[in-house]
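The structure appears right after this line, and notes come after that.
The values are calculated or read from the model by the stated rules, or taken from the named source; none is laboratory data. Model, not experiment: these values are computed from the prediction. Neighbour counts run over all protein chains shown; Cβ positions are idealised from the backbone, glycine included.
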Amino acid sequence: MPPWGCKPLYDTLAETMNVATHELRCIDCGARIAGSAVNSIFRCPTCNGLYDVIYPWSSIPNGDTPASDSKLPNASALRWLWQERRTSSLPEDQSGVWRFRDLLPIIDDPEKVVTLREGNTPLYDLPRCARIAGIDWLLAKHQGMNPTSSFKDTGMTAALSVAQERGFEWVACASTGNTSAAMAAYAARAGMRSIVFIPEGKIAWGKLSQSMDYGALTIQLKTDFDGCVNVLTDLVNRFPIMLLNSVNPYRLEGQKTPAFELLEQLEWQVPEHVIVPGGNLANSSALAKGFTEIHHLGLIHRMPKISIIQAEGANPLYRTIEENGGKELIPVKANTRASAIRIGNPASWKKALRALRTTGGWCEQVSEQEIALAKAEIGAEGVGCEPASAVTLAGLKKLVAQGKVGREERTVLILTGHTLKDSDYTINYHRDELFTDAENAQLSAAEKAEHAALRKPPIVLEADTNVVYRELESHMKLAQQV
Ligand code: F0G
């Protein structure tokens, strides 16, 4: 009997949830294959398309494959069960991903679940950021509060569990730092070996230190993220390695669960907008898949609009939409200080485009200065995040200014990484050493004042009480004037 002590309901659900029923469906040509038949690069052999994981009850995000309603699970029973599992002491129930396992039946043997108790992340309100953006109600779902401090953990628990069940000993990824940290941790938990390919000198130290700490074989390539992906894609054809980049559709099954958790935290009230950063462009589509499935189950009656924000220097999706209406990807040579999203040739751009179209959201781009300001504003609320996550607030300001997000519309930012992931960036910002003089010269007086009000550089003083007293006195006077 399961620890939540309700055997009849559990058995009923187990019958509806036949675990061996998932398939992979090519997003381009629609071909379906058994999960176990997929090739090592997770691409359709006919058209090179990426795959979605589908179930007998699921609807496809672009709606072209109606699911069989007769196979739909009982939504209210699931809602109850997901809450009940929070009180259980089983590792898979304590996980904010596997708590929802009924909607991701991708492994047969529950013993193969590899978990660090990911998910169950907080939802914070950001009243000051809301005021700055010009709206009444702003929340942040902080995925940086996961075990390795980024949203990647929710995907890694899913894909690593599949890798373990399929008998892989080695897993590998190319990464701007967070995927590698998460993969290394979950592989270590499973007693598996991991290989990380990262662009030399282009990832934050905190992330690099994580993959070493968790025992990965860490290879720094003299190229960018896109170059790392190319090398790894060649290698997985030659070795028995499971590829754990986000082309692996099992990752996205885990990454869709924050959508369920968010709705649960909002008591199943649907926000009008969800705003995510865009890099390799998988997360936006994972969340869209989650909302679509929950909608299809009848637990919500409309979808939130998902908007994707890119850095100006790494804006292939933005350019693709602006310049050719989304027909052909326009890859770019990526360059941004938000190193997590320094990606010029995103693998999942078609899935991201689908997420925008099916939910009615937008793609925006934001400048380096706008990112830095937004990051400081989120930090000043006591929440904090890494630079790539801060694009969400910077993008929201633009969407509000363009009238795409209304003052009374409820908006949720997905903060993807913890502030400690890239402390160099934060320290440089506060010491006013992040930007060049030429970059600073482009700011208006008002923008300079906004930055100056947020900067909190450390002050070095003699250890003399009177000296410190005078310094504090001047700060307290200043604070009274504000
Ligand atoms: N935010 C952070 C903190 C990230 O690390 C990433 C991606 C993104 C946003 C973008 O998500 O790729 O799904 O659009 N980081 C990857 C990595 C690529 O290797 O860690 P996406």
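Here are the numbers for the structure shown:
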| read-out | value |
| --- | --- |
| Yes/no for Val247 being out of contact with any Asp or Glu (no Cβ under 9 Å at 6 or more places or on another chain), within 14 Å of the ligand (Cβ to nearest atom), in a loop (DSSP other than H, G, I, E, B) and farther than 17 Å from Ile306 by Cβ | yes |
| Listing of helices (runs of 4 or more DSSP H) fully contained in segment 369-482 that carry 2 or more residues being buried (at least 18 other Cβ atoms within 10 Å of the Cβ) and under 28 Å from the mean Cα position of the chain (by Cα) | 387-401, 423-430 |
| Test: residue in segment 324-344 that is free of Cβ contacts under 8 Å to residues at least 60 places away in the same chain, on the phi > 0 side of the Ramachandran plot, not charged (D, E, K, R) and not in a helix (DSSP H, G or I) | yes |
| Count of residues meeting criterion [of a type in the set (Asp, Glu), farther than 15 Å from Ile275 by Cα, in contact with a His (Cβ under 9 Å, 6 or more places away or on another chain) and more than 15 Å from the ligand (Cβ to nearest atom)] in segment 379-429 | 0 |
| Residue identified as within 18 Å of the chain's Cα centre (by Cα), farther than 17 Å from Gly155 by Cβ and more than 16 Å from the ligand (Cβ to nearest atom) among Leu263, Leu235, Leu217 | Leu263 |
| Selection count where residues are away from the ligand (no atom under 11 Å from the Cβ) and in contact with an Asp or Glu (Cβ under 7 Å, 6 or more places away or on another chain), scope segment 154-197 | 6 |
| Per-region count, segment 22-62, residues loosely packed, with under 13 Cβ neighbours inside 10 Å and on the phi > 0 side of the Ramachandran plot | 1 |
| Hits in segment 261-298 - residues which are aromatic (Phe, Trp, Tyr) and buried (at least 24 other Cβ atoms within 10 Å of the Cβ) | Phe291 |
| Looking only at segment 321-352, and only at residues there that are away from the ligand (no atom under 11 Å from the Cβ) and of a type in the set (S, T, N, Q), the one that is farthest from the chain's Cα centre (by Cα) | Asn324 |
| Lone qualifier among Asp136, Asp102, Asp108, Asp153 - being surrounded by fewer than 24 Cβ atoms within 10 Å (Cβ to Cβ), assigned to a helix (DSSP H, G or I) and either more than 18 Å from the chain's Cα centre (by Cα) or at pLDDT 95 or above (or both) | Asp102 |
| Residue check for Ala182: in contact with a strand residue (DSSP E or B) (Cβ under 7 Å, 6 or more places away or on another chain) and either buried (at least 24 other Cβ atoms within 10 Å of the Cβ) or hydroxyl-bearing (Ser, Thr, Tyr) (or both) | yes |
| Number of the exception - Ile132 against (1) away from the ligand (no atom under 16 Å from the Cβ); (2) within 28 Å of Leu420 (Cα to Cα); (3) in contact with a His (Cβ under 8 Å, 6 or more places away or on another chain) | (3) |
| Pairs where the first residue, in segment 144-169, is more than 17 Å from Asn283 (Cβ to Cβ) and the second is within 15 Å of the ligand (Cβ to nearest atom) and assigned to a strand (DSSP E or B), C-beta under 6 Å, 6+ apart | Ala163/Val171 |
| Top-ranked residue in segment 307-320 [being of a type outside the set (Gly, Ala, Ser) and within 15 Å of the ligand (Cβ to nearest atom); ranked as surrounded by the most Cβ atoms within 10 Å (Cβ to Cβ)] | Ile309 |
| Residue count, segment 198-214 (criterion: more than 12 Å from the ligand (Cβ to nearest atom) and small (Gly, Ala, Ser)) | 2 |
| Phe225, sole failed condition from (1) touching a Gly at 6+ places or on another chain (Cβ under 7 Å); (2) under 18 Å from Ala340 (Cα atoms) | (1) |
| Entirely in segment 156-239, the strands (runs of 3 or more DSSP E) that have 3 or more residues that are under 18 Å from Leu252 (Cβ atoms) | 170-174 |
| Qualifying residue in segment 291-305 (condition: free of Cβ contacts under 8 Å to residues at least 60 places away in the same chain, within 16 Å of the ligand (Cβ to nearest atom), out of contact with any Cys (no Cβ under 6 Å at 6 or more places or on another chain) and part of a loop (DSSP other than H, G, I, E, B)) | no |
| Residue within segment 46-60 that is among the acidic types (Asp, Glu) and modelled with pLDDT of 90 or more present | yes |
